[in-house]
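Quick notes on the structure that follows.
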Amino acid sequence: MVASSSRRSRAGLWFAAFTVASLLMLLASRTEPAQTLQQASARALEPVRAAVAGVGEAAVGLFGTIGEIDRLRTENDQLRSELVGLQQRVAELTEAAAENVELRQLLGLTKSLNLRLLPVRIIARDPSNLSWEVGIDAGTDAGIKVGMPVVGSANGAGALAGSVVSVESDTAEVRFVVDTRSSVVALDQQSRALGEVQGQLGGQLVFVQVPITEKLTPGDTVVTAGLSLSPQLRSAYPKGLLIGTIQAVQQDQNALTQTAFVRPALDVQQVARLLVVLAFTKD
């Protein structure tokens with residue numbers, strides 16, 4: 001019985017093999033029945049072929065998209081790095097240009113002012129702006145002494161910055177004219193009125209002790225007078241240094257004097273280099 005079952009299995013395998021071989025031969029044949037069978041088989045298998053092709057194309061597209069994303073990320077990182085480098089370069093060039101302008105203006109002052117001047121650089125500031133004093137990079141070794149005037153460039157014009165208030169061998173402290181502890185004998189260039197310029201909170205200036213009989217007009221230029229008003233108010237500054245411009249004028253309560261509000265000529269918050277007046281001739 002086992003042998004009979006084995007013979008039937010072998011017979012079935014032979015039949016299947018014969019059937020497949022016959023189909024293959026028929027598909028390979030060029031007869032009309034064979035071509036009809038080939039077309040029917042092609043139509044039957046077309047959905048399977050399209051599905052397999054679609055999956056392949058999708059896989060290729062997916063991998064291509066992933067590769068493109070990686071490429072774009074790499075390119076973006078490179079562009080960001082280049083942009084940071086360019087921004088840094090622009091900042092450096094901007095600072096260099098500003099320094100070049102300031103140095104040229106200071107050089108012009110050394111030629112136009114009849115003063116012995118020492119160029120210095122500001123190396124320290126009070127970040128709170130509560131004290132209008134700065135540190136400079138020169139001291140007694142360079143000939144600097146307490147009380148020496150300090151000037152700066154206001155668009156190329158010699159402007160009073162302040163005076164030296166303390167000094168070490170290689171550094172010194174400069175108090176700006178806008179400090180509330182500063183006082184300067186000043187002159188209105190247009191009316192020739194004399195008075196005293198004092199620093200105010202917030203980095204502003206006032207022109208005080210001007211007789212009410214004198215004419216002060218907004219827009220007038222205020223400069224150092226280069227002289228003394230009294231034994232207590234002596235001028236430590238050369239004559240004719242720019243201080244500022246009158247913005248407004250008001251009469252004092254005593255009705256004898258008037259006060260003018262002056263905009264400083266020198267932007268002490270932005271200045272980076274100054275000139276210390278080592279010697280000058282008083283007129």
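If you take all other residues with their beta carbon under 13 Å from the beta carbon of Ile246, and give Lys and Arg +1 and Asp and Glu -1, the sum is -1. Computed over region 194-280, the percent of Cα pairs more than 23 Å apart is 26.
Each of Ser228, Ser191 has its accessible area taken with a 1.4 Å probe; listed largest first, they run Ser228, Ser191. Sorting Asp137, Asp188 on solvent-accessible area from highest to lowest, probe radius 1.4 Å, gives Asp137, Asp188. Rolling a 1.4 angstrom probe over region 112-151 with all protein chains present gives an accessible area of which 52% lies on carbon and sulfur atoms.
Give me the accessible area of Glu214, 1.4 Å probe, in Å² rounded to the nearest 10. About 70 Å², rounded to the nearest 10.
Measuring only protein heavy atoms, the 1.4 Å probe finds Ile243 accessible over about 10 Å².
Its residues counted as N, region 150-193 yields a C-alpha radius of gyration over 2.2 N^0.38 Å of 1.42.
The values are calculated or read from the model by the stated rules, or taken from the named source; none is laboratory data. Everything quoted here is computed from the prediction, not taken from an experiment. Ideal geometry is used to build each Cβ from the backbone, glycine not excepted, and the neighbour counts take in all protein chains shown. SASA here: full protein model, heavy atoms, side chains in, ligands and nucleic acids out. Shrake-Rupley method; radii C 1.70, N 1.55, O 1.52, S 1.80 Å.
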